[in-house]
Structures are given as C-alpha cells and as structure tokens.
Amino acid sequence: MALLSARRATDRDGAPLEQLCAEATKNTPLWRARRERLQPGAWFAARAPVVLVSDGAATIGFAAAVADTGALGSTKHTEVLAYVSPTHRRRGAARAALSELISTARTMGLWKMVAYALSDDAAPRALLERIDFREVGQLVKHAQVDGAWRDVVLYERLVMAARKSMPSIPER
C-alpha cells in the first residue's frame, strides 16, 4: 500500500479533478444535488485553494475552498467541498486533503470555512468535528436529494484559529 500524499493542485491537474468531480456526481447524493459547485475550471479561474490527494500515482480525492455563496458571504469566507473515491475511503485521505486545505487557506489569508453535511451522514460529520469544525445549526429540508427533501447540518471553522471557533458573544 502506497502512502497517501496531499498537495496543492495546479491548473495542470484539471483532468484528474474533472474525473473526480464526475465520479462524485455519480456516487454521492449531495453532490448530485449540487453538481453546479463541482467546476474545477472555475475554481482555478477564481484562484481558489484546491488540494489533491494521491495514493502512489493515483489521484484519489480532492478538497477545495470555493467562494461562499451565502447572503452574507465575504471574499474571505469559503465553502469546503471534499470527495474521495469510494475504494479509498476510511484510510485518512479526506482528513489529509482537508488538513492541507486548511493550511493552504491560512497562507492565502482566508478567514472562515463553512461546510455542509447531510444530517444522517455520520462519516463526514465526524470528520469535520475531528478537524475542528464546529456545528452551528441544522437547515431543515434544505437539499432535495434523490427526490426527497433532506436536512443539512452547517459547520464552520475559523482558518486562523488553532482550535474550534467559538461565538464572539457568550451565550446567555
């Protein structure tokens, strides 16, 4: 078994990224519903941080921090997208990709990352919590996946912080 490696992608990595995005659209219900976000050409044009994960010579996954499309999104806030091929899951590839993405985003001066996970999808939720994303709420019936409305959990992580982000104003 080769060692996993994560590195920042360049525009020369467009072909493997396009292939992984097509695979993600087929294999992942949430990405089927959000395929318009899986546009590597647009990521490179916007100079978004993108990371590839390889197992030896094979590119097996990616993570990207793309412009946050929320109503109050700023240029320093991004949405995290990540995918690992099914045959390579549960071996640390997504964690390696996201850890490298956070480091890359920090060097680029990004401030905050947000991520979404289906409420009943335990693996990505556990991963986000392990890498210090904080659950900030649940969006009820937020995404239509395979014809059914599904709840989505929203996470955030302050890129410049070493630990989980905490609210600026203490809760009462």
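Spacing of the modelled spin labels on Arg106 and Lys141, each 7 Å from Cα toward Cβ, amounts to 4.2 nm.
Relative to the Cα centre, the charge distribution of the chain, modelled as +1 at Lys and Arg Cβ and -1 at Asp and Glu Cβ, gives a dipole magnitude of about 300 debye. The residue among His142, Ala57, Ala6 whose Cα reaches farthest toward the positive pole of the charge dipole of the chain, with charges on the beta-carbon of Lys, Arg, Asp and Glu, is Ala6. Accessible surface computed residue by residue for the stretch 1-102, with neighbouring protein chains in place and a 1.4 Å probe, gives 52 Å² per residue.
When Rg and the Kirkwood radius Rh are both evaluated on Cα atoms of the chain, their ratio Rg/Rh stands at 0.95. A simple count of charges around Ala33, restricted to other residues whose Cβ falls under 12 Å of its Cβ and scoring Lys, Arg +1 and Asp, Glu -1, yields +3. The listed peptides 50-56, 136-142, ordered by packing as a protection proxy, come out as 50-56, 136-142 (highest mean of other Cβ atoms within 10 Å first). How much of the accessible area of the stretch 1-53, in percent, comes from carbon and sulfur atoms when a 1.4 Å probe is used? C and S atoms contribute 52 percent here. Evaluated over the chain, the count of Lys pairs having alpha-carbon atoms less than 26 Å apart is 5 (only pairs 8 or more residues apart or interchain).
The values are calculated or read from the model by the stated rules, or taken from the named source; none is laboratory data. Given the structure is predicted, the values throughout are model-derived calculations rather than measurements. Glycine also receives a Cβ, built like all others from the backbone with ideal geometry; neighbour counts cover every protein chain displayed. To get the accessible areas, we keep the full protein, side chains included, count just its heavy atoms, and leave off ligands, DNA and RNA. Shrake-Rupley method; radii C 1.70, N 1.55, O 1.52, S 1.80 Å.
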